[in-house]
Amino acid sequence: MEILTTPADRFENIRGFDFPTQYARVSDTEGGHLRIAYRDIGPHDAPVVVMLHGEPTWSFLYRDVVPPVSAAGYRVIVPDLVGFGASDKPTRQADHTYARHVEWIRALLLDHLALTDIALLCQDWGGLIGLRIAAENLDRFSALIVSNTGLPTGDF
C-alpha cells in the first residue's frame with residue numbers, strides 16, 4: 001500500500017487546536033503499517049469519551065467540544081481517521097474500504113489504547129465506523145452519542 005504522510009509542522013500553531021498529537025502504528029492489512037494520529041486529553045484513569053469525526057473533516061471538528069468534556073473529568077480520545085488530518089493517507093481509492101477503516105480504528109481503540117467503558121460520540125463516516133466497532137464489541141462500550149449517521153447491516 002502506498003502511503004502519503006502529511007508533515008507534522010502542517011498542524012502546528014492552529015488557533016484553538018493546541019492538543020498534542022500522538023501516533024499509533026497499525027497494520028495496513030497488506031503486510032505493512034500506517035500511522036493513525038490521535039489526541040489523548042485528560043487523566044488516563046478517567047472515564048473515556050472517544051470522538052470520531054466524519055468526512056471531509058478531521059479531529060479539528062471537535063476543538064470546541066474537547067475542553068469542556070475534559071474539564072468535566074473525562075479522558076477524551078480524538079483520532080484522525082485514516083486519510084484525514086495528521087493520519088497517513090493511502091493513495092489508491094481501492095485502499096479505502098469500509099472494512100479497512102473499521103479495522104484501523106478498532107486496532108487503535110481496542111488494541112493499541114486497550115480502551116474499555118467507552119462512551120462513543122460519532123457523526124457521519126465516524127458513526128459508520130464507530131458504530132460497527134461498538135456493535136461487534138459491546139462489552140467495551142458504555143454509551144453512544146450518535147449524530148447524522150447510521151449502522152448499515154448489509155441487507156440491501
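A short reminder: the numbers here are calculations on the coordinates, not readings from a lab. Quantities reported herein were computed from a predicted structural model and do not represent experimental measurements. Every residue, glycine as well, gets a Cβ built from its backbone with ideal geometry; the counts of neighbours run over all protein chains shown.
Please compute the contact order of the stretch 3-147 in relative form: average sequence separation of alpha-carbon pairs under 8 Å and at least six residues apart, divided by the residue count, as a percent.
RCO, the stretch 3-147: 26 percent.
Counting only DSSP beta bridges with both residues in the chain, what percent are antiparallel, rounded to the nearest 5? If I count the DSSP bridges inside the chain, around 50 percent turn out antiparallel. Counting only DSSP H runs of at least 4 residues, each contributing -39500 (n - 2.57), and dividing by the residue count of the chain, the helix-based mean residue ellipticity at 222 nm comes to -5000 deg cm²/dmol. Over all orientations, the stretch 13-98 has a Cα convex hull whose mean projected area works out to 6.4 square nanometres. Across the stretch 123-153, no residue has a backbone nitrogen under 14 Å from the label position 7 Å along the beta-carbon direction of Arg63.
Taken over the stretch 27-156, the convex hull of the Cα atoms encloses 112 Å³ per residue. The packing ranking, built from the mean of other Cβ atoms within 10 Å per residue, places the peptides 31-37, 6-12, 89-95 in the order 31-37, 89-95, 6-12, highest first.
Length available on full extension from His96 to Leu144: 0.36 nm per residue minus the Cα-Cα distance, which gives 14.8 nm.
Among Phe84, Phe60, the ranking by other beta carbons within 10 Å of each residue's beta carbon, starting with the fewest, stands as Phe60, Phe84.
Direction-averaged projected area, Cα convex hull, the stretch 1-61: 5.7 nm², rounded to one decimal.
In this simple spin-label approximation, Thr153 and Thr6 carry label points 7 Å from Cα along the Cα→Cβ vector, and these lie 3.7 nm apart.
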